[in-house]
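Data block below; observations after.
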Amino acid sequence: MVRERHDGIDAVQLVEVDALEVKPTQVPSHGVAGELSREGSLEPPRRRHNSVLPALATSAARRLRFCAYMKRAGFTLIELLTVVAIIGLVAVIAIPKLTSVKARARVAAMKSDLRNLVTIEENYFAQNLKYAADLGSAYTVSAGNAMPIITLTGDGWTATMTSPSSGQICAAFVGSTPIKPATNEGVPACANSGSVTVTH
């Protein structure tokens, strides 16, 4: 770096070394501080880019910022597959339990309906000295359950209810004629269709 004076302006002569040639460049000594014009006003510094490297650097920086934004904004394939696997595992565990809970609720509703039937039939017998196969509007069942099939016997009655959704059959009887799966008089019992497992 050599300081010279040309036409009353101090300048610093820089020498840029290129691979093929050496080029001197004149840079004002005021630099970034600005230049004082002839009228004495302070003008903002003027920056000149003689190289394409800053432009390339700016373009590369923009691409890097865009790539970084894209990485933050999305999910990787591994992350998506992990989430799908977790949801599938939860579904495999939860759906059978939910089905089991619904089936148990349906069975409980059928047992409740048969207990109500026993009570209403006994009330009917107390008033009429006989049992009825059709109680009309005096007997209703829970929502979603079908009316039981009531059959009169010599000294009482039998009733069965089925639920296709739960695969259960429930029964109750009064008198000396039991009906499977019920074994105790006046006590409803349920079992899976075609199964010997009985629930009281």
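The values are calculated or read from the model by the stated rules, or taken from the named source; none is laboratory data. These numbers come from a predicted model, not from an experiment. As a convention, Cβ positions derive from the backbone with ideal geometry for all residues, glycine included, and neighbour counts pool all protein chains shown.
For the reader, a short list of remarks on this structure follows.
- Residue-level check: of (1) surrounded by 15 or more Cβ atoms within 10 Å (Cβ to Cβ); (2) more than 27 Å from Pro96 (Cα to Cα); (3) free of Cβ contacts under 8 Å to residues at least 40 places away in the same chain, Asn145 misses just (2).
- Set Thr140, Thr162, Thr151, Thr158: member being hydroxyl-bearing (Ser, Thr, Tyr) and within 30 Å of Pro96 (Cα to Cα): Thr162
- In the stretch 154-172 there is no residue that is over 19 Å from Ser193 (Cα atoms), under 41 Å from the mean Cα position of the chain (by Cα) and small (Gly, Ala, Ser).
- Cβ-Cβ under 6 Å pairs, at least 6 apart or on other chains, the stretch 90-102 side closer than 19 Å to Ser163 by Cβ, far side among the aromatic types (Phe, Trp, Tyr) and modelled with pLDDT of 85 or more: none
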